[in-house]
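Structure first, commentary second.
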Amino acid sequence: MFGKNAKVDIELNRAVEQLIKTGGKERILPIVQAGEPVLRQETAPYAGQLSRKTLDKLIDTMHTTMLEAPGVGLAATQIGLGLALAVVEDHVRDDEDDPREIAEFPFHVIINPSYEPAGEETRSFYEGCLSFDGYQAVRKRWLDITARWQDEDGKQHEEHLHGWPARIFQHETDHLSGELYIDKAEIRSLATTENLEDLWAEDPVPTEAAEELGFDL
C-alpha cells in the first residue's frame, strides 16, 4: 500500500487540487497537445505523494475527461501532470468481425505500469491519441503482453493482455516514459481522422490504403 510509509508532498498536493478545480463542476480538464514538454518527460513514480482524497478526485477527473474526449485511455502527462499513472477503459463494439480483437476492458487505474511482450507476434493498426488530436497513423505493437501495475490502493497486479486491451495498455504506459505513438508509427500512413473515415471506410488497416501508401503491415 502507498499509505503507511508514504509522505504526502504538500506543494504537489496543493497544485493537483488547483488543477482539478480548473475542470469546474464537470471535472473536465483540457488535454495537453503534442509539443508541450510534459509529454516528453519521464514521469516520477507514484509513491503516495498525494493524499488519498486528492488521489481519488484526480482519478475521477481523469476518468471523466477521458470519457468526454472521448477516449479509451488517459495518462497523467496528458493533463500536464508528471506522475506515473493513467486510466483506461474500453468496451466491446457491435462489430464482431473487427480484426483488432477488441475485448471488454473494464475501468482500471494503472499506477507505475510496465509491460513486456508475451510472445513474438505483433499487429499493425491505425491508432490515434487525444494529445495528437485529429490524426491517426498505423502503429505496430505487441499482440500479447504481460502487464504489471499498481491500483489506487497500492496493490500489485500482473495480467496477460491480448489484442486491443494490450494495445491500450502499451499506448498509455508509453506516455509515462515520454513517448507518443507517432514516434514509431508508419509516417506515410498518417491521415486526418476525417480523411481516414471518408476515404478508407471503417477498416482499421485498410488493404487499399496499405498498397497506396507503400508500407508493410
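The values are calculated or read from the model by the stated rules, or taken from the named source; none is laboratory data. Keep in mind the model is a prediction, meaning the values are calculated, not measured. So basically every Cβ, Gly included, is an ideal-geometry build from the backbone, and we count neighbours across all protein chains shown. These area figures cover heavy atoms from the full protein model, side chains too; ligands, DNA and RNA do not enter into them. Shrake-Rupley method; radii C 1.70, N 1.55, O 1.52, S 1.80 Å.
Annotations
- Accessible surface of region 10-213, 1.4 Å probe: 48 percent of it comes from carbon and sulfur atoms.
- The count of lysine pairs in region 10-213 with alpha-carbon distances below 17 Å, taking only pairs 8 or more places apart or on different chains, stands at 5.
- Of the whole protein surface, Glu197 contributes about 110 Å² of accessible area at a 1.4 Å probe radius.
- For the chain, calculated [θ]222 nm from helices alone, where every DSSP H run of n ≥ 4 adds -39500 (n - 2.57): -7500 deg cm²/dmol
- The long axis of helix 52-68 is offset from the longest Cα principal axis of the chain by roughly 20 degrees.
- Thr192 sits with roughly 40 Å² accessible to a 1.4 Å probe, with DNA, RNA and ligands left out of the calculation.
- For the listed peptides 52-62, 177-187, 78-88, a ranking on the average number of other beta carbons within 10 Å per residue, highest first, reads 78-88, 52-62, 177-187.
- Accessible surface computed residue by residue for the chain, with neighbouring protein chains in place and a 1.4 Å probe, gives 53 Å² per residue.
- Degrees, to the nearest 10: 10-21 long Cα axis against longest axis of the chain: 50
- Ordering His175, His157, His91 by accessible surface, largest first, gives His91, His157, His175; the 1.4 Å probe counts only protein heavy atoms, with every chain in place.
- Shown here is the pair-distance distribution of the chain: with all Cα-Cα distances grouped in 5 Å bins from zero up to the longest one, the shares run 1, 7, 14, 18, 20, 16, 11, 7, 4, 2, 1, 0 percent.
- Short-range pairs are left out: with C-alpha atoms under 8 Å and at least six residues apart, the relative contact order of the chain is 20 percent.
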